[in-house]
Amino acid sequence: MANEVPSLDQFLDGLAARNPGEIEFQQAVCEVAADVLPFIQDKPKYQEWQIMRRIAEPDRIVIFRVTWRDDKGNIRVNRGYRVQNSNAIGPYKGGLRFHPSVNLSILKFLAFEQTFKNSLTGLAMGGGKGGSDFNPKGKSDNEVMQFCQSFMTELCRHIGPSIDVPAGDIGVGAREIGYMFGQYKRLTNTFQGVLTGKGIEYGGSLARGEATGYGTVYFLEDMLKAKKDEIKGKSVVISGSGNVAIYAAEKIIHLGGKPITLSDSGGFIHDKDGIDQEKLEWLKDLKFTRRGRIEEYAEVFGAHYHKGKSPWQVECDIALPCATQNEISEADAQALIKNGCKAVSEGANMPTVLAGIKVFRDAKILYAPSKAANAGGVAVSGLEMRQNSALTSWTQDEVNVLLRDIMTNIHDRCTDYGSDSDGHIDYVRGANIGGFVKVADAMLAFGVV
Ligand code: NDP
Ligand code: 2IT
């Protein structure tokens with residue numbers, strides 16, 4: 001074979017040279033490569049066929065202008081993207097993010113991570129991600145609809161039920177999926193399962209809304225179970241107050257734990273008495289219907305509001321980062337360990353910086369990286385695709401039982417590849433290698449493509 005096997009440093013230098021300035025993308029690939037390159041050291045087939053280099057180069061990226069008119073009649077211009085990272089094991093699959101911070105680096109990291117995450121679910125889904133720098137905050141429903149329709153007018157050329165199936169992510173929930181599905185249906189004159197996270201009336205799956213947050217807690221439950229421990233009685237610090245955070249809090253309550261914080265980009269609330277189901281119902285209305293700020297919770301329930309702060313300095317048994325990437329710094333990770341945190345399960349994608357991951361790994365706490373812990377959302381998206389292609393719909397219980405099972409299978413796969421000789425499970429290594437193998441073996445079958 002012509003190719004020399006690169007060292008990790010050579011590999012990362014090459015990556016940085018090909019993707020200059022894309023810090024989030026480089027970070028995500030670095031974390032995976034640090035586990036995968038040693039794993040393939042004695043497996044010439046993966047090295048000779050340059051599998052890692054090929055997974056870290058997206059199959060295709062589409063970038064397009066999105067022009068729309070606001071309520072005052074002004075012409076607005078945003079940028080739209082779809083990164084199709086790999087369809088080695090199934091159609092491209094992954095969410096759409098609408099947030100002003102969206103750029104190519106962030107979407108490339110998310111599409112790369114999604115490839116491994118989707119492989120871990122055991123379902124036939126490749127990895128992709130897309131979105132726009134459009135900010136839905138403060139926009140009227142009409143403006144959001146105008147934007148979504150314009151966005152889909154271009155995106156529709158690149159997606160399809162067996163090509164690429166987008167879903168929600170930050171800033172994209174039921175409302176945005178509805179507008180985009182409506183436009184796809186209108187443009188193509190078809191009714192197809194081309195998006196997931198759809199409304200129940202038009203092909204959505206029960207339990208998809210809850211799936212990511214619940215799944216993150218199921219994974220936590222499995223990690224604790226492996227240590228003969230449980231969630232009951234534990235205090236839990238959660239960041240974010242969107243789809244993932246709210247349902248993570250709900251499952252913690254169901255299992256007898258006590259969520260004590262939630263946050264948004266303005267700050268965090270600390271409720272020492274714990275967030276119970278009644279308060280959570282109020283929060284669902286605040287966040288999903290009224291689109292309000294978390295600060296209001298403090299006024300209504302008499303909790304503390306810490307403006308401009310994140311919750312990682314609060315004493316807790318468990319931490320669930322459920323907001324965004326790189327929200328846990330090295331110092332935050334150290335504070336969590338110092339304050340007695342024994343388990344971290346990541347609902348958000350890549351919420352911990354590399355130096356923070358090292359802190360968790362060195363401390364040997366139970367640490368579930370996002371590509372394993374938050375796979376429940378896309379797993380139920382995969383189940384939504386199955387229901388759509390069979391023209392059927394399953395009950396909430398049927399979907400939830402399958403989700404519970406999938407999370408345990410992911411836990412088992414991480415255990416297979418991440419168990420150390422002292423009995424500790426390195427879930428980062430387990431998830432990286434466990435996600436890699438299926439994609440890599442499929443790529444070997446295809447030859448040089
Ligand atoms: P939402 O838009 O519903 O909620 C996002 C939450 O995170 C909000 O509370 C938001 O606060 C906060 N947030 C977003 N960006 C920032 C930021 N830069 N700084 C501080 N806070 C921020 O999104 P989701 O709950 O769906 O997504 C949350 C995370 O989970 C993301 O990392 C996403 O990729 C990941 N994820 C989502 C899945 C899904 O199915 N939805 C599946 C798997 C992972 P504010 O309102 O102030 O912006
Ligand atoms: O990051 C993710 O896994 C998601 N945003 C969900 C993707 C999906 O296709 O359901």
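Here are a few things to note about the model shown:
- Checking residue 263 against (1) over 19 Å from residue 367 (Cβ atoms); (2) of a type in the set (Ser, Thr, Tyr); (3) out of contact with any helix residue (DSSP H, G or I) (no Cβ under 7 Å at 6 or more places or on another chain), the condition it does not meet: (3)
- Against the conditions (1) open to solvent by less than 20 Å² (accessible area, probe 1.4 Å); (2) more than 23 Å from residue 165 (Cα to Cα); (3) touching a residue at least 60 places away in the same chain (Cβ under 8 Å), residue 360 satisfies every one except (3).
- Scanning region 236-250 for residues that are more than 16 Å from ligand 2 (Cβ to nearest atom) and outside any loop (DSSP other than H, G, I, E, B) gives 236, 237, 238, 249, 250.
- Residue count for region 177-209, restricted to those that are in contact (Cβ under 8 Å) with a residue 60 or more places away in the chain and either within 10 Å of ligand 1 (Cβ to nearest atom) or among the basic types (Lys, Arg) (or both): 4
- For the criterion of being more than 16 Å from ligand 1 (Cβ to nearest atom) and either under 21 Å from residue 212 (Cβ atoms) or in contact with a Pro (Cβ under 9 Å, 6 or more places away or on another chain) (or both), residue 322 fails.
- Against the numbered list (1) within 9 Å of ligand 1 (Cβ to nearest atom); (2) more than 22 Å from residue 364 (Cα to Cα), residue 216 comes up short only at (2).
- Any hit, region 119-136, residues being without any contact (Cβ under 8 Å) to a residue 40 or more places away in the chain, farther than 18 Å from residue 372 by Cβ and not acidic (Asp, Glu): yes
- On the stretch given as region 251-303, residues that are of a type in the set (D, E, K, R) and either part of a loop (DSSP other than H, G, I, E, B) or open to solvent by less than 10 Å² (accessible area, probe 1.4 Å) (or both) total 7.
- Filter result (open to solvent by less than 40 Å² (accessible area, probe 1.4 Å) and either more than 9 Å from ligand 1 (Cβ to nearest atom) or polar (S, T, N, Q) (or both)) within region 235-247: 235, 236, 237, 238, 239, 241
- Top-ranked residue in region 205-217 [being touching a Ser or Thr at 6+ places or on another chain (Cβ under 8 Å) and open to solvent by 10 Å² or more (accessible area, probe 1.4 Å); ranked as farthest from residue 425 (Cα to Cα)]: 206
- Pairs, first closer than 9 Å to residue 222 by Cβ in region 403-415, second of a type in the set (Ser, Thr, Tyr) and crowded, with 24+ Cβ neighbours inside 10 Å, C-beta under 6 Å, six or more apart: 407/218
- Test result for residue 13, touching a helix residue (DSSP H, G or I) at 6+ places or on another chain (Cβ under 6 Å), modelled with pLDDT of 95 or more, surrounded by fewer than 20 Cβ atoms within 10 Å (Cβ to Cβ) and not polar (S, T, N, Q): no
- Selection of region 180-209 for residues being within 22 Å of the chain's Cα centre (by Cα) and more than 20 Å from residue 380 (Cβ to Cβ) yields an empty set.
The values are calculated or read from the model by the stated rules, or taken from the named source; none is laboratory data. All figures in this text were calculated on a predicted structure; none of them were measured in a lab. Using ideal geometry, Cβ is built from the backbone for each residue, glycine included, and neighbour counts are taken over all protein chains shown. Heavy atoms of the whole protein, side chains included, go into the accessibility calculation; ligands, DNA and RNA do not. Shrake-Rupley method; radii C 1.70, N 1.55, O 1.52, S 1.80 Å.
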